[in-house]
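Each remark here refers to the structure printed beneath this line.
Throughout, read-outs are computed from the coordinates displayed, never taken from laboratory work. This one's a predicted model, so the numbers in the text were calculated from it and none came from an experiment. We place every Cβ from the backbone using ideal geometry, glycine too, and count neighbours over all the protein chains shown.
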Amino acid sequence: MAKINTSLEGKVAILTGASSGIGRASALAYAAHGANLVVVSRGKDRLEALAKEARAFGVEVLPVIADVGEEADLQNIYRQAIEKFGGVDILLNNAAISDRVMMQNLQYESFERVLRTNTFAGIRLAQLCHSSLKKRRGVIVNIASDDSLYPSVGLGAYSMSKISQVHFTKLLAVEWGKDGIRVVCVSPSLTRTPMAAEWVKSVEAKLEKGNYRLNPMDRVCEPEEVAAMVLFLSSPAASFINGYNYVVDGGMSAQVPI
Ligand SMILES: NC(=O)c1ccc[n+]([C@@H]2O[C@H](COP(=O)([O-])OP(=O)(O)OC[C@H]3O[C@@H](n4cnc5c(N)ncnc54)[C@H](OP(=O)(O)O)[C@@H]3O)[C@@H](O)[C@H]2O)c1
């Protein structure tokens with residue numbers, strides 16, 4: 001068999017939440033494989049630092065400051081991407097927020113904000129990019145979570161947004177398969193990122209004591225390990241992979257709770 005083709009040479013990728021964690025690792029993986037990037041986050045400093053790092057791979061990088069929970073910002077991301085690069089091949093819907101609240105206390109406003117940011121933003125960006133993705137036989141990768149398999153108590157809105165991303169992935173894959181667009185989902189378990197920093201710290205303290213069972217590999221995931229899956233799914237190597245949720249959890253969902 002010939003060498004597997006994971007090159008993204010000359011492709012254009014939009015990545016939301018690119019300034020940190022999984023988005024950042026994915027942006028660097030894309031850049032290392034030749035993709036030009038449109039990188040998005042609300043904050044400027046970390047985004048510009050990431051853009052500089054990515055440019056060192058010899059690709060073009062356009063940073064766009066935007067809140068994906070805002071329609072005008074989503075339109076601006078798309079408009080700037082088209083103005084700069086003329087089209088989009090890859091859309092990585094990665095930005096997300098969470099809200100610590102028990103179901104008993106969940107209010108519509110916070111539920112709506114989490115769903116709008118984590119789920120609808122991805123749907124809306126996909127709609128905006130549809131004609132370009134169709135022309136270029138592109139791919140959409142949605143970052144969900146292992147919360148799409150089992151919800152986290154106290155993170156109800158977040159967990160519900162994550163299972164919604166899985167269904168949105170399947171629905172779009174079915175609707176847009178005929179257009180040559182693939183739509184896939186990646187669900188990581190606990191990963192060492194700023195979003196999960198406190199949780200990682202407490203889990204690693206328990207693992208250190210040897211009285212905690214996280215997954216068969218007894219460690220948390222690293223952002224680069226998620227980015228490797230994202231890269232593969234975004235590349236020509238995954239040309240027949242469509243409409244599925246790929247779990248990156250070190251075997252956690254395979255183990256029987258004790
Ligand atoms: N870390 C984990 O354990 C874990 C596990 C499963 C799934 N995930 C998923 O992985 C994805 C990335 O999470 P992460 O852990 O890498 O988090 P992170 O390190 O906190 O990064 C989040 C990124 O999203 C951006 N962002 C947040 N809200 C945004 C908004 N409204 N508009 C635009 N950008 C926004 C942040 O930048 P600004 O704050 O500057 O906007 C940042 O670039 C999320 O979808 C998360 O649900 C993470």
Residue in region 13-31 that is farthest from the ligand (Cβ to nearest atom), counting only those that are buried (at least 24 other Cβ atoms within 10 Å of the Cβ) and of a type in the set (Ser, Thr, Tyr): Tyr30
Among (1) in a helix (DSSP H, G or I); (2) small (Gly, Ala, Ser); (3) within 16 Å of the ligand (Cβ to nearest atom) - the single one Ser187 does not satisfy: (1)
The one condition in (1) touching a His at 6+ places or on another chain (Cβ under 8 Å); (2) in a helix (DSSP H, G or I) that Leu47 fails to fulfil: (1)
Identity of the residue in region 225-258, part of a helix (DSSP H, G or I) and β-branched (Val, Ile, Thr), that ends up surrounded by the most Cβ atoms within 10 Å (Cβ to Cβ): Val230
Selected residue (only one of Asp99, Asp67 is more than 9 Å from the ligand (Cβ to nearest atom) and either of a type in the set (S, T, N, Q) or not in a strand (DSSP E or B) (or both)): Asp99
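Test Gly34 against the criterion of being away from the ligand (no atom under 13 Å from the Cβ), free of Cβ contacts under 8 Å to residues at least 40 places away in the same chain, closer than 30 Å to Phe240 by Cα and not aliphatic (A, V, I, L, M), and give yes or no.
On the way: away from the ligand (no atom under 13 Å from the Cβ): yes; free of Cβ contacts under 8 Å to residues at least 40 places away in the same chain: yes; closer than 30 Å to Phe240 by Cα: yes; not aliphatic (A, V, I, L, M): yes.
When the stated conditions are applied, Gly34 passes them.
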Residue count, region 150-168 (criterion: among the polar types (S, T, N, Q) and touching a residue at least 60 places away in the same chain (Cβ under 8 Å)): 2
Residue check for Ser164: near the ligand (Cβ under 10 Å from one of its atoms), under 24 Å from Ala18 (Cα atoms) and surrounded by 18 or more Cβ atoms within 10 Å (Cβ to Cβ): no
